[in-house]
Amino acid sequence: MRLPYELTIGWRYTRAGRATRRNGFISFISGVSMLGIALGVAALIIVLSVMNGFQKEVRDRMLGVVSHIEVFAPGGQALPDVDRTLREARENAQVVGAAPFVAAQALVARGEEMKGAMVRGIDPAREPEVSDVATGAQAAVLAQLVPGEFGVVLGGELARSMGVVKGDRVTLIAPSSQVTPAGVVPRLKQMTVVGTFDSGHYEYDSALVFVHWEDAAKIFRLEGPTGVRLKLKDLHQAREVAQELSRTLSGDLLLRDWTRQNRTWFAAVQVEKRMMFIILTLIVAVAAFNLVSTLVMTVTDKRADIAILRTLGASPGSIMGIFVVQGAMVGVIGTLAGLLLGLGVAFNIDVVVPALERLLGASFLPQDIYLISRMPSDPQQSDIVPVAVIALLMAFVATLYPSWRASQVNPAEALRYE
């Protein structure tokens, strides 16, 4: 099948021969436009992939401590029937793990040092079902929480700031008070540090402590666990599953999924990602609209060719199609090159970044400053497809005006001095 002559001539003009100095210059400008589109598309893909990687890394570390869904009683009271709540929650097909917990706030004191802390009473046997902190080597640490012995596991940053190690004694000061002959005094309990944990998230490592839920219930004068933590097959379905559980669970209970617990942080990340997309899209826009100057110069150079084609019977629409094809070819080639370059770097960033660090003698993510010592990357189709579509649309729009001008060339005027 023979191709339409518009495609053939448009592709020939895209390759722009170097028979004359002017043709060579036009070819150079066309190549620069193509390179600009490729670099802009590649930069967009790489930056968005790295931002996705950081978001995923922080989210995974956060969800190592925070549950996908929490079911709890109003006012911080004990659940009326924790076994029934656990049983009903497990009936949901999305729920793969459930464990009871006690949540409260307290002060941890050692000598003159005193820190505020979030106290979480857990069942060490069930906690691995819902928390990554309770897996691996740290599972053995949490297993030392025995009911009645009042042991405590401190976050690594909290332990270092207070200067305590395994075997030291700390005092847990509960906000609820008790009446004594000396007056109203806060409830104090001596606890033994049985270990520390590191989740990789400073907010939790510096303020979270684990105790056995039975010990926590005694300290805070509760009749049982205050809630149930759930782990799902798909963490992205947390909000939908929470809505389902709100209809199926018995009793007056409250539910909170992980997206609501950290709403501000995730909203800030999304705003930053959106702004980076807009800013880097401007790079693609500048490169795409360089095509305007390229095509205007081509139209000026090819006026005689256009006139000859018109005298041979070519319609204005066909002339316009030739130059649309030329500009679109530049856009397509530039976009494809940018996709290959961007995806190549994004999928091999663990190789590219160390090589650049060795070459420049610098460290992009110093381990003593950042919790993440490697550059993460997570290319997503939802980012890559819009980038490619926008680049192609910009290149196409940039061809319309010069192509229309080409279709308006008067053959008699163009051939007058030829």
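Structural remarks
- Over the chain, Cα pairs under 8 Å with separation of 6+ residues give a relative contact order of 28 percent.
- In the chain, a dipole from Cβ-located charges (positive for Lys and Arg, negative for Asp and Glu) runs towards its positive end, and of VAL194, VAL165, LEU245 it is LEU245 whose Cα lies farthest in that direction.
- Structure-based [θ]222 nm, the chain - -39500 (n - 2.57) summed over DSSP H runs of at least 4, per residue, nearest 500: -17500 deg cm²/dmol
- Of [x] 55, 53, 36; [y] 115, 53, 40; [z] 71, 45, 38, the label for Cα extents along the principal axes in Å derived from the coordinates: [y]
- Probe 1.4 Å, all protein chains present, accessible-area order of ARG358, ARG61, largest first: ARG358, ARG61
- Per residue, the chain exposes 51 Å² of accessible surface when a 1.4 Å probe is rolled over the protein heavy atoms with every protein chain present.
- Axial C-alpha extent at least 30 Å, average Kyte-Doolittle at least 1.0 - helices from the chain (DSSP): 263-301, 316-347, 381-407
- Under 22 Å from the Cα of LYS115 - lysines, other chains or at least 8 residues apart: LYS166, LYS189, LYS218
- Residue among ALA268, LEU142, ALA398 farthest towards the positive dipole end of the chain, charges placed on Cβ: ALA398
- Sparse-neighbour loop sites [GluC sites (Glu not before Pro); segment 33-91; at most 15 other C-beta within 10 Å; DSSP]: GLU91
- Largest to smallest in accessible area, the residues TYR204, TYR401 fall in the order TYR401, TYR204 (1.4 Å probe, all protein chains included).
- Accessible-area composition of the chain, carbon plus sulfur, in percent [1.4 Å probe]: 59 percent
- Evaluated with a Cβ-only charge set (Lys, Arg +1; Asp, Glu -1), the chain carries a dipole of roughly 1560 debye about its Cα centre, given to the nearest 20.
- Residue ranges 121-127, 381-387 sort as 121-127, 381-387 when ordered by packing (mean number of other C-beta atoms within 10 Å per residue, highest first).
The values are calculated or read from the model by the stated rules, or taken from the named source; none is laboratory data. Note that the structure is predicted; figures quoted are calculated from it, not measured. As a convention, Cβ positions derive from the backbone with ideal geometry for all residues, glycine included, and neighbour counts pool all protein chains shown. Heavy atoms of the whole protein, side chains included, go into the accessibility calculation; ligands, DNA and RNA do not. Shrake-Rupley method; radii C 1.70, N 1.55, O 1.52, S 1.80 Å.
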